[in-house]
Amino acid sequence: MASQPLRQKYDVIIIGAGPAGSTLGSLLSTKGLDVLLIDKHEFPRPKLCGGVITWKTRKLLKRLFAISFEKHFSVGAIADHYFLYEREREKALQKSPEPFYFVDREKYDLALVSLAKKSGCQTLFGSPVADLDPQNNLIITKSGERFSSQIIVGADGANSLVRKKIFKSVRPQTQLAVAFQTCVPMDRLKRAYQNFVPKIFAGLVSRGYGWMFPHEDHCLIGLWGLVRKNRNIRKTFIEFLNNIYASKIERKTLIPAGLLPIRQLLTRPGERKILLAGDAAGFVDALTGEGIHYAHQSAESAARAIHDFFVSQEDGSLVQSYQQHLSPLLKELIVSQRLSTLAYSRLRYFAYFLMKNPKFSSRLAETIHGIKGYSRLPLLSIGVRP
């Protein structure tokens, strides 16, 4: 489809073309709205992420786009078991009730952008947003371009500019989690790790964990933890790598880092005619750090609320409508925060508990996959009303 010249005014402007932004752009454009999708990067672009796709995410994408996940997205590996470690000591091999799919986020996000473009969504990539006027719903890019719209959606990640503009009291970055990740050829690992079974490493950091996820002929190895709970997580990550590499790595090795909005959940993610979706609203599983599913789910909720707005044209109803559509998602994330507080307070014991209680371990895996969600955990969900 040939690209059309950009206009100055749109029905909806979406800032950020990750899973939340691209999904929302597709859904709104399909409904006939004029949508501009802006991102500071050109696509494809690198993205720090383990690339785990759960059963609930595959099911949601099939419903939203009527596509086969395997045919539309490049799958690097599929696994129905995972190893649980306490530091580098193997504790248990766990069975997953549904397989985990592993994708390259660079390819995954590009496929989602392609869907948005195919639906008629206009795009402006490689053009960072420099400023936002919330009163007039006006966007100003770094190059000086100005765009306005009836509705703006911030899907611009954990360090969201849109969130900072509409909520002046933003939690400090110490309330965020930081993640480190590197790509390692399989043959550079110690022999014990040279297999295609995903691995979770508990006890390396406080309020977080390490991972080793298979992708074709290599592994993505990473570590995340709350900033305020871990003084030098980068050093911990390098020590972790040295323990699993077949040869020693240099301290100066470039280790990409990224932020996770683990403790940034907004139960009212918007003001007036500006909404937040995905990481920008803190929609991340506090136990696992997974945000892909909630990015897609929040995009669907935003699309419904925006459609309702254009049908009713009632200005005061947009954020309230979005909250209502988000209610199941918010309840899941609130309960995940409660569970993460319990689990990470005694993480080594939690790993031991999982090893000794296969029934609970299986239930937890069902929860992560969304077969039985967090909100169905009876004690932890008491009193949760988003």
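Return the single residue from Pro185, Pro269, Pro261 with maximal mean-square fluctuation; model: Gaussian network over the chain, springs between Cα atoms under 10 Å.
Residue with maximal mean-square fluctuation among Pro185, Pro269, Pro261: Pro185.
I need the peptides 298-305, 241-248 ranked by packing, meaning the mean over residues of other C-beta atoms within 10 angstrom, with the highest value on top. Could the numbers behind the result be given before it?
Working: 298-305: 25.0, 241-248: 13.4.
Packing proxy ranking, top to bottom: 298-305, 241-248.
Taking the chain as a Gaussian network, Cα atoms linked when under 10 Å apart, which of Ile262, Ile152, Ile53 shows the biggest mean-square fluctuation?
Ile53
If amide H atoms are built 1.01 Å from N in the plane of the peptide, which residues on other chains or at least 5 residues away come under 5 Å of the amide H of His215?
Leu220
Under a Cβ-Cβ cut-off of 11 Å, what is the net charge of the residues other than Leu275 that fall near it, where Lys and Arg count +1 and Asp and Glu count -1?
Working: positive: Arg163, Arg268, Arg272, Lys273; negative: Glu271.
Neighbourhood net charge equals +3.
If R0 is 35 Å, what FRET efficiency do you get for Lys142 and Arg268 from their C-beta distance, rounded to 0.05? Display every interim value, and only then the final one.
Working: r = 30 Å, r/R0 = 0.84.
Efficiency for this residue pair is about 0.75.
How large is the helix-only mean residue ellipticity at 222 nm for the chain, computed as the sum of -39500 (n - 2.57) over DSSP H runs with n ≥ 4, divided by its residue count, in deg cm²/dmol to the nearest 500? Could you put the intermediate results ahead of the total?
Details: 10 runs with 130 residues, N = 386.
Computed ellipticity for the chain at 222 nm equals -10500 deg cm²/dmol.
First check a/c for the range 34-103, with a ≥ b ≥ c the square roots of the eigenvalues of its C-alpha gyration tensor; if it is under 1.5, answer rounded, and if not, answer prolate when a/b is larger than b/c or oblate otherwise.
Details: a/c = 3.03, a/b = 1.65, b/c = 1.83.
Here the range 34-103 falls in the oblate category.
Quick query: amide H of Gly76 versus all other amide H atoms, modeled in the peptide plane; which residues come in under 5 Å with a sequence gap of 5 or more or a different chain?
Phe102, Val103, Asp104
If the limit is 21 Å between Cα atoms, which of Lys118/Lys164; Lys91/Lys359; Lys40/Lys235; Lys142/Lys164 go over it? All intermediate terms of the calculation are to be shown ahead of the outcome.
Details: Lys118/Lys164 31 Å; Lys91/Lys359 16 Å; Lys40/Lys235 30 Å; Lys142/Lys164 17 Å.
Result: Lys118/Lys164; Lys40/Lys235 exceed 21 Å.
Under 5 Å between amide H atoms, partner at least 5 residues away or on a different chain: which partners does Asp34 have, H built in plane at 1.01 Å?
Amide H neighbours of Asp34: Asp11, Val12.
Could you compute the net charge surrounding Gly25? Neighbours are other residues with a C-beta less than 12 Å from the C-beta of Gly25; K and R count +1, D and E count -1.
On the way: positive: Lys31, Lys117, Lys118; negative: Asp11, Asp34, Asp39.
Summing Lys/Arg as +1 and Asp/Glu as -1 gives 0.
Using a Gaussian network model of the chain whose springs link C-alpha atoms within less than 10 Å, name the residue from Arg87, Arg263, Arg63 with the highest mean-square fluctuation.
It is Arg63.
Can you classify the range 6-66 as rounded, prolate or oblate using the Cα gyration tensor, where a ≥ b ≥ c are the square roots of its eigenvalues, rounded means a/c under 1.5, and otherwise it's prolate if a/b beats b/c and oblate if not? Write down the numbers at each step before the final one.
Details: a/c = 3.50, a/b = 1.34, b/c = 2.61.
Oblate, since a/c reaches 1.5 and b/c is not below a/b.
Report relative contact order for the chain in percent, whole number only (criteria: Cα-Cα under 8 Å, sequence separation at least 6).
Working: 773 pairs, mean separation 74.5, N = 386.
Reported relative contact order: 19 percent.
So, counting K/R as plus one and D/E as minus one, what does the shell of residues with Cβ under 11 Å around Gly157 add up to?
Values: positive: Lys40, Lys47, Arg163; negative: Asp39, Asp156, Asp279.
For residues surrounding Gly157, the net value is 0.
Ranked highest first by average number of other Cβ atoms within 10 Å, how do 196-202, 129-135 line up?
Values: 196-202: 20.3, 129-135: 15.0.
By packing density, highest mean first, the sequence is 196-202, 129-135.
What does the extension gain come out to for Ser127 and Gln194, with contour length at 0.36 nm per residue minus their alpha carbon separation? List each step's numbers first, then the result.
Details: separation 67, 0.36 × 67 = 24.12 nm, distance 4.10 nm.
That works out to 20.0 nm of additional length.
Roughly what would the spin-label model give for Gln4 and Ser327, points 7 Å off Cα along C-beta, in nm?
It works out to 3.6 nm between the two label points.
Full-extension gain between Arg63 and Glu90, please, as 0.36 nm times their residue separation minus the C-alpha to C-alpha distance. Kindly include the intermediate steps, with their values, before the conclusion.
Details: separation 27, 0.36 × 27 = 9.72 nm, distance 3.80 nm.
Stretched out fully, the Arg63 to Glu90 stretch lengthens by 5.9 nm.
Over the range 3-56, what is the relative contact order in whole percent, taking alpha-carbon pairs under 8 Å and six or more residues apart?
On the way: 40 pairs, mean separation 18.8, N = 54.
Relative contact order, the range 3-56: 35 percent.
Length gain on complete extension for the stretch Lys248 to Lys107, per 0.36 nm per residue less the alpha carbon to alpha carbon distance?
Working: separation 141, 0.36 × 141 = 50.76 nm, distance 3.04 nm.
Full extension from Lys248 to Lys107 adds 47.7 nm.
Explain nothing, just the number: relative contact order of the range 1-122, from Cα pairs under 8 Å at least 6 residues apart, as a whole percent. Spell out each step's value before the answer.
Numbers: 173 pairs, mean separation 43.4, N = 122.
36 percent.
Only the coordinates and a few stated rules stand behind these numbers; no lab work does. Everything numeric here is computed off the predicted structure, so don't read it as measured data. Methodologically, a virtual Cβ is constructed for each residue, glycine included, from the backbone with ideal geometry; neighbour enumeration extends over all protein chains shown.
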